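A.B. asks: After the structure tokens below, expect a handful of questions from me.
The values are calculated or read from the model by the stated rules, or taken from the named source; none is laboratory data. All of these numbers come straight from a predicted model, not from anything done at the bench. Here the Cβ positions follow ideal geometry from the backbone for every residue, glycine too, while neighbour counts run over all protein chains shown. Heavy atoms of the whole protein, side chains included, go into the accessibility calculation; ligands, DNA and RNA do not. Shrake-Rupley method; radii C 1.70, N 1.55, O 1.52, S 1.80 Å.
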Amino acid sequence: MRQVVLDLEESLIRQVANAGMGRSDVLKFWFGESDEVTPAFIREAAARSLSEGETFYAHNLGLSELREAIATYCSALRCEGAAAVGADRIAVTSGGVNALMLAVQAVVDAGDEVVAVTPVWPNLTAQPAIMGAQVRCVSLKPLGGQWRLDMDELLAAVTSRTKLLIVNSPNNPTGWTLSRAEQRILLAHCRKTGTWLLADEVYERLYYEAPAPSRLRPAAPPSGAGQSPGGVENSNDCAPSFLDIAAPDDRLMVAHSFSKSFLMTGWRLGWLVLPAAATTHLGKLIEFNTSCAPVFIQRAGVVALQRTDEVTPQVVAHLKRCRDTLVPLLQALPGVEVSPAPGGMYAFFRLAGHADSFEVAKRLVLEAGLGLAPGNAFSPDLSPAMQGWLRWCFASQDPARLGEGVSRLRGWLGRR
Ligand SMILES: Cc1ncc(COP(=O)(O)O)c(C=O)c1O
């Protein structure tokens, strides 16, 4: 086996979860998913497809109906003046993680230099490492209660030797979200250095700040893209996206997922937006990875996009309520440092006096019945700066569970 594969760390989040698996008394907030089932009309679309016998291979890049629906959906979310996204720029993938891996496979050779903004979901730094790249991390900093990017540090790290820059915004685990101005600087810099930009925007709709004024009127769908799906026109709340400012042929790939905004984590459906000239090549890579996403899953994706107004706004409103329930409760605990995240589905907080995040997360499972993810899981160099941090996924159907979790944490802190 290749050394990089042998060297892959077992996920620290999994290791903590394994300590509490099978224990019904543990409140589990360690993984990034809601405990709410996918809406019935989406499940029914998949069941209908299966009962009609759609059990065959499909086109590598996805069903044309789904690619059109994604293009229309993506275009309707764009700011005024932004280029519409055509279906010729869409590749349907088996989840967001597959979209990310395909993007990395497409541009990264062994020995290449890749820069990633961290802390970040561990897969994003593991994927280029699997390809044999050298991954350099530029760390966000918690300043005045908010996570900030040191732009000078990032620009200095991305040079003409950098093949790929990976940025996840809104960010898992911190919720940090790139501003439009920061996106413009990064895009201009990557154009100068010839660096590909991989933007992980799977949390784009889980954004709790007011929309940018320029987003108040949505872009028209691309010509020939079919009907605009219901709801998107009225739902402008979406984090700033690189697609708002980039040209269609920029060296930009944007990864998306049905998992978070449509409550579809187990379905494994996502997409990649890329320059049209690269799409055919991406299709070849899909052939050698998964061949295609299952047709019945894709049918469910079409219906989810067409009826997004029946899912996503409710998901976002509920998550905001969860965030606004959890964060003040945590802030009231002695020694806890946390602020409301502008996006995503996590509270990322520091416990004063508890240096080893992994140890604390394991003890919380065993001694308090509370399942959280350790902060150092999100930094591949296990950077000391991430020690003492814990991630709490607040996507809980019943916000009372969040209160119960905080009581357990308070009790555990009191016993120490
Ligand atoms: C930042 C980020 N990107 C991508 C994904 C992948 O999501 P999925 O593969 O479920 O579509 C996740 C999942 O948690 C994530 O947190």
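A.B. asks: What percent of all Cα-Cα pairs in the chain falls in each 20 Å bin, counting up from 0?
C.D. replies: 27, 59, 13, 0
A.B. asks: If you don't mind, another one. Which value in deg cm²/dmol, rounded to the nearest 500, describes the helix-derived mean residue ellipticity at 222 nm for the chain, given -39,500 (n - 2.57) per DSSP H run of n ≥ 4 and division by the residue count?
C.D. replies: That comes out to -11000 deg cm²/dmol.
A.B. asks: Report in % the part of the accessible area of the stretch 334-380 that belongs to carbon and sulfur, leaving out ligands and nucleic acids; probe 1.4 Å.
C.D. replies: Carbon and sulfur: 54 percent of the exposed surface of the stretch 334-380.
A.B. asks: With a 1.4 Å probe and every protein chain left in place, work out the accessible area per residue of the chain in Å², rounded to a whole number.
C.D. replies: For the chain, the solvent-accessible area averages 40 Å² per residue.
A.B. asks: Pick out, from L272, T308, N376, the residue whose Cα sits farthest towards the positive end of the charge dipole of the chain, with +1 on the Cβ of Lys and Arg and -1 on the Cβ of Asp and Glu.
C.D. replies: So the residue we want is N376.
A.B. asks: For the chain, which DSSP H helices look membrane-span-like by this rule: Cα extent along the axis of 27 Å or more and mean Kyte-Doolittle of at least -1.0?
C.D. replies: Helices passing the filter in the chain: 312-331.
A.B. asks: Would the stretch 72-158 count as rounded, prolate or oblate if I go by the C-alpha gyration tensor, calling it rounded below 1.5 in a/c and otherwise prolate when a/b exceeds b/c, oblate otherwise?
C.D. replies: Judged from the Cα gyration tensor, the stretch 72-158 comes out oblate (a/c at least 1.5, b/c at or above a/b).
A.B. asks: Kindly report, to the nearest 10 Å², the accessible surface of H189 as traced by a 1.4 Å probe over protein heavy atoms only.
C.D. replies: Looks like 30 Å² after rounding.
A.B. asks: Of the beta bridges DSSP finds with both residues in the chain, what % are antiparallel, to the nearest 5?
C.D. replies: Here the share of antiparallel DSSP bridges comes out near 50 percent.
A.B. asks: Among T290, A332, S179, which residue has its Cα positioned farthest towards the positive end of the charge dipole of the chain, with +1 placed on the Cβ of Lys and Arg, -1 on the Cβ of Asp and Glu, and the dipole taken about the Cα centre?
C.D. replies: Positive-end residue among those listed: A332.
A.B. asks: Continuing with the same structure: Run the simple label-point estimate for S291 and T55 please: 7 Å along Cα→C-beta, distance reported in nm.
C.D. replies: With each label placed 7 Å out from Cα toward Cβ, I get 1.4 nm.
A.B. asks: Once label points are set 7 Å from the Cα along Cα→Cβ at both A40 and Q3, what is their separation, rounded to one decimal in nm?
C.D. replies: Each label point is offset 7 Å from its Cα along the Cβ direction, giving 5.7 nm.
A.B. asks: Still on this structure, I have one more. Can you tell me, using C-alpha contacts under 8 Å and at least 6 residues apart, the relative contact order of the chain as a whole percent?
C.D. replies: It comes to 26 percent, rounded to a whole number.
A.B. asks: When we measure straight from the Cα of K284, which lysines land under 28 angstrom away, once same-chain ones fewer than 8 places off are left out?
C.D. replies: Of all the lysines, those that pass the test against K284 - Cα under 28 Å, at least 8 places apart if same chain - are K163, K260.
A.B. asks: Moving to a separate point now. The stretch 15-110: which trypsin sites (Lys or Arg not before Pro) are DSSP loop and have at most 12 other beta-carbon atoms within 10 angstrom?
C.D. replies: R23
A.B. asks: What distance in nm separates the simple spin-label points at Q105 and E153, each placed 7 Å from Cα in the Cβ direction?
C.D. replies: Simple spin-label model gives 3.4 nm for this pair.
A.B. asks: Averaging over every viewing direction, what projected area does the convex hull of the Cα atoms of the stretch 1-158 cover, in nm²?
C.D. replies: Projected over every direction and averaged, the Cα hull of the stretch 1-158 covers 15.5 nm².
A.B. asks: Under 1.5 on a/c is rounded, so check that first for the stretch 25-97, then, if it is not, pick prolate when a/b is larger than b/c and oblate when it is not; a ≥ b ≥ c are the square roots of the alpha carbon gyration tensor eigenvalues.
C.D. replies: Oblate shape, in that a/c is at least 1.5 and b/c is the bigger or equal ratio.
A.B. asks: Of the residues G32, G266, G20, which exhibits the maximal mean-square fluctuation in a Gaussian network model of the chain defined by a 10 Å Cα contact cut-off?
C.D. replies: Taking springs between Cα atoms under 10 Å, the residue moving most is G266.
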